[in-house]
1. Can you find, within region 199-221, the residue that is farthest from Lys152 (Cα to Cα) among those that are in contact with a helix residue (DSSP H, G or I) (Cβ under 6 Å, 6 or more places away or on another chain) and of a type in the set (S, T, N, Q)?
2. Inside region 205-234, can you point out the residues that are without any contact (Cβ under 8 Å) to a residue 24 or more places away in the chain and more than 21 Å from the chain's Cα centre (by Cα)?
3. Taking region 44-85 only, how many residues are part of a helix (DSSP H, G or I) and crowded, with 17+ Cβ neighbours inside 10 Å?
4. Testing Asp106 on (1) over 23 Å from Asn204 (Cβ atoms); (2) over 24 Å from the mean Cα position of the chain (by Cα); (3) touching a residue at least 24 places away in the same chain (Cβ under 8 Å), one condition comes back false. Which one is that?
5. Can you pull out every residue in region 312-339 that is assigned to a loop (DSSP other than H, G, I, E, B) and at pLDDT 80 or above?
6. Of all the residues that make up region 258-278, how many are under 29 Å from the mean Cα position of the chain (by Cα) and either within 19 Å of Arg231 (Cα to Cα) or buried (at least 23 other Cβ atoms within 10 Å of the Cβ) (or both)?
7. Of these, Phe173, Phe140, which one is more than 20 Å from Ala92 (Cβ to Cβ) and either surrounded by fewer than 21 Cβ atoms within 10 Å (Cβ to Cβ) or touching a residue at least 12 places away in the same chain (Cβ under 8 Å) (or both)?
8. Going residue by residue through region 258-277, is there one that turns out to be outside the structural domain of Ile151 (by TED's automatic domain parsing), closer than 16 Å to Pro33 by Cα and charged (D, E, K, R)?
Amino acid sequence: MMKGLIPSGGYGTKLRPITYSQQKQLIPVANKPILFYAIEDLIEAGVKEIGIIVGPNKEQVMETVKLKNWDAEIDFIYQGEPKGLAHTVLVAENFLDDVFVMYLGDNILREGIVEHAKKFKENKNDASIMLTEVENPQQFGVADINEDGTIKKLVEKPKVPPSNLALVGIYFFKPVILEACKSIKPSWRNELEITDAIQWLIDNGYKVGWTKVEDWWKDTGKPEDILEANRLILDDLTTEIKGKVEGEIRGRISMDTGTKVNKNSMIKGPAIIGRDCLIKDSYIGPYTSIGNNCEIINAEVEDSVVMDGAKLINAWNIVDSMIGRDAVIEENKSLPKGNKFIIGDNSWVRI
């Protein structure tokens, strides 16, 4: 029976300041932690045992995952200092006694992995990677493919890409990958790279196959990636209204219990709103996700991710934004007039 391994550690430096207090794999996309999409895909593919690699915010990850009853046994494996994906495999060595799929916890894949897992079993490969066509292969790990369709080598962020086929962060392995991970040396980043381990398999005569991702895939490493993934998922939204709505609604809306929308408000979908929110005298535009216990009062927000407990009060028009948990954006009514900010490291404000 195939096992699942989900790396969910790391520091998420490209998503700061939000990741100072929140593990990046727990950031919500369409009101669901990114990590949950990976778990659901593994379970859909028949995986019954999942190991989640945790790091600096391990308690936060464990508590969030345990909030839901999963149709799989989930173990948490502590990595400590993140030293690369191949190091992640070695940390989980005692768990990995069978074939497994490693699914990076910050990936979202629309088509899931059912067909890819099926092909891995049928082809009896020692490893299999998932590739997708990209417009900017210079920014990814890229596969150099032989004329017969086999993989020649993997190249990390090449200046002159040998193809436009980028590695998706999902890999299928037999236990021989452990030997490969033990045989490689740290990269220039001082990390044990999984691409080096896969290349070791190729160089030593092991059978490494690949399958192509046909639908969309997002690596949610940066704020713009989170917002794009949010848009893509909301495109598949179906209407379900459990809250109380007095205002105007257009398009596909999902709204949880306890949420109230007053008569002077408009919501235009696709948009999702969590439970126990107050939407008053406000406009919620398309491609907006609003978490639980939020207050949107006399404000406009669209194409944004607003996390649990946030308050937007007299906040003008907010677009293309990520608003962290319990954050407050409100009009400054005191003197002297002007914009007042309390902003963490690596914040980005456009006014």
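The values are calculated or read from the model by the stated rules, or taken from the named source; none is laboratory data. Computed from a predicted structure; not experimentally measured. All Cβ positions, even for glycine, are placed from backbone atoms using ideal geometry, and neighbour counts span all protein chains on display.
1. So, considering only residues that are in contact with a helix residue (DSSP H, G or I) (Cβ under 6 Å, 6 or more places away or on another chain) and of a type in the set (S, T, N, Q), the one farthest from Lys152 (Cα to Cα) is Thr220.
2. Across region 205-234, the qualifying residue is only Gly205.
3. Selection size over region 44-85: 5.
4. Among (1) over 23 Å from Asn204 (Cβ atoms); (2) over 24 Å from the mean Cα position of the chain (by Cα); (3) touching a residue at least 24 places away in the same chain (Cβ under 8 Å), Asp106 violates only (2).
5. Selection gives Asp320, Ser321, Gly324, Arg325, Asp326, Ala327.
6. Residues meeting the conditions: 9.
7. It is Phe140.
8. Yes.
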